[in-house]
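See below for the structure under consideration.
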Amino acid sequence: MYLQRRPRILRQSLAIRSLVAETHLTPNDFIVPLFIDEGQGQEFEIPSMPGYFRRSIDGTIKEVKELWGLGIRCVLLFVKSRDELKDNTGKEAWNPDGLMQKAIKAIKEAFPEMVIMTDVALDPYSSYGHDGIVENGEIVNDPTVEALVKMSLSHVEAGADWVAPSDMMDGRIGAIRQALEENNYTRTGIMAYSAKYASCFYGPFRDALDSAPGFGDKKTYQMDYANRLEAVKEARMDVEEGADIVMVKPALSYLDIIREVKNAVEVPVSAYNISGEYAMIKAAAKMGWINEEKAILETLTSMKRAGADLIATYFAKDAARLLNH
C-alpha cells in the first residue's frame, strides 16, 4: 500500500513553503496611522501603546521620511485638538489654518508622492467626545453629515488624497462624494469605515487623542459586535454611495467579517488593526509570553488571508523592517 497524497511534501523546507505560500504580506499593504500634536519638537509616547508616539508636525515629517524609506506609501492622519478649540459644532475641523490642514500641507510639500488619508469624524473636536453633534443627549445624524462634508472638503483643499470617514453616520459617503464632485475634486478617494464595531479595544487610541466620549457610549452609531450580515449591508451601501475602499474595524476579532465583506463587494477592502490589538501583543511580549516579531507577522498575515487588501496598523514600521530583512 502507498499514500497517493503526501501534503507534507509542500512543507518540508523554507524554500518550498515560500514557493507555495498562498498569502503574501508586503510593505505595500500597510496604511500607517499617525497622531499629530501642536507645537514644535514635541514627541509624546502613548502610555497604553508602548513604542508609539504623538508628534508635532516637524517630527511627523521625519517619521514619514523613515516610512517612505521602508517602502510604505500611505499614511492616515489623526490630530489632537486643544480643549479650548472643542465645541459641539466641530467647526475647528474645517478651519483652513487648523492642525490637520497644516499637517497635510507640510507632509505633501515634503513628500508629494506619499498618499495622505485623513480621519473624518468630529470626536477629536467635540466637547462631548462623540463622532457627531449632540442634541438633547442624542448624536444627531443629518446635521453631523453636513459638518463632515465641510471637514472633508477642507482636508482635500489642503492637499489630502483620500478622506476616511470613521463616524458611522448614515448617508455620509453619498453626501461627501456629491460634494467632491460638485467642487471638481474628481480624483479624491473615499475610504469608508463601513463596518466599524462598538469595540472595547479602542481604549488606547482614545488615550492618544483624549477623545473618549464624555457621556454614554458609541453604540447608537457604531455596530453591534454580534452582527455579521449588517456589515455586508453597510459595505454595499457605502459602495453604492461612492466609496472607493471599504473598511472593517477592528480586525483580529472580525476576521470572519473581513472575509464576508471581501466576498460581497468589488472594491478593495481594508482592515484596521487597532490600538487594543497592538497593546495586547506589546503587553504579552513584555511579559515574555509570546514572541513579538512572530506575533506581528502572523496576525497581519491572518488579516490579509481573511481578505484585507490593505491594513491600517501601528505595527507597519516594525513589520516592514521584518519583511525587508
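The values are calculated or read from the model by the stated rules, or taken from the named source; none is laboratory data. All values derive from a computational prediction rather than experimental measurement. Counting neighbours? That spans all protein chains shown, and the Cβs are built from the backbone with ideal geometry, glycine included. All accessible areas refer to the heavy atoms of the entire protein, side chains included, with ligands and DNA or RNA removed. Shrake-Rupley method; radii C 1.70, N 1.55, O 1.52, S 1.80 Å.
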Kindly list the number of the only condition in (1) open to solvent by less than 60 Å² (accessible area, probe 1.4 Å); (2) at negative phi that fails for Gly307. (2)
Which one is farthest from the chain's Cα centre (by Cα) among residues in region 83-100 that are without any contact (Cβ under 8 Å) to a residue 40 or more places away in the chain and under 26 Å from Val64 (Cβ atoms)? Asp97
Does Tyr185 qualify as being assigned to a loop (DSSP other than H, G, I, E, B), open to solvent by 50 Å² or more (accessible area, probe 1.4 Å) and in contact (Cβ under 8 Å) with a residue 60 or more places away in the chain? no
Conditions first: (1) under 23 Å from Ala164 (Cβ atoms); (2) surrounded by fewer than 11 Cβ atoms within 10 Å (Cβ to Cβ); (3) at pLDDT below 95; (4) not aliphatic (A, V, I, L, M). Pro96 passes all but one, so which condition is the exception? (3)
Scan region 201-211 and tell me whether some residue there is assigned to a loop (DSSP other than H, G, I, E, B), open to solvent by less than 60 Å² (accessible area, probe 1.4 Å) and of a type in the set (Phe, Trp, Tyr). no
Hey, can you tell me all the residues within region 1-23 that are of a type outside the set (A, V, I, L, M) and open to solvent by less than 100 Å² (accessible area, probe 1.4 Å)? Pro7, Ser13, Ser18, Thr23
Residues of region 65-82 satisfying the condition of being more than 23 Å from Gly189 (Cβ to Cβ) and touching a residue at least 24 places away in the same chain (Cβ under 8 Å): Lys65, Glu66, Lys80, Ser81, Arg82
Would you confirm, using the coordinates I've provided, whether Lys102 is under 25 Å from Leu310 (Cα atoms) and at pLDDT 95 or above? no
Under 9 Å by Cβ, and 6 or more places apart or on different chains, what pairs join a residue from region 108-124 that is closer than 19 Å to Gly59 by Cα and assigned to a strand (DSSP E or B) with one that is open to solvent by 50 Å² or more (accessible area, probe 1.4 Å) and not polar (S, T, N, Q)? Val115/Arg73; Val115/Trp162; Ile116/Trp162; Met117/Trp162; Thr118/Trp162
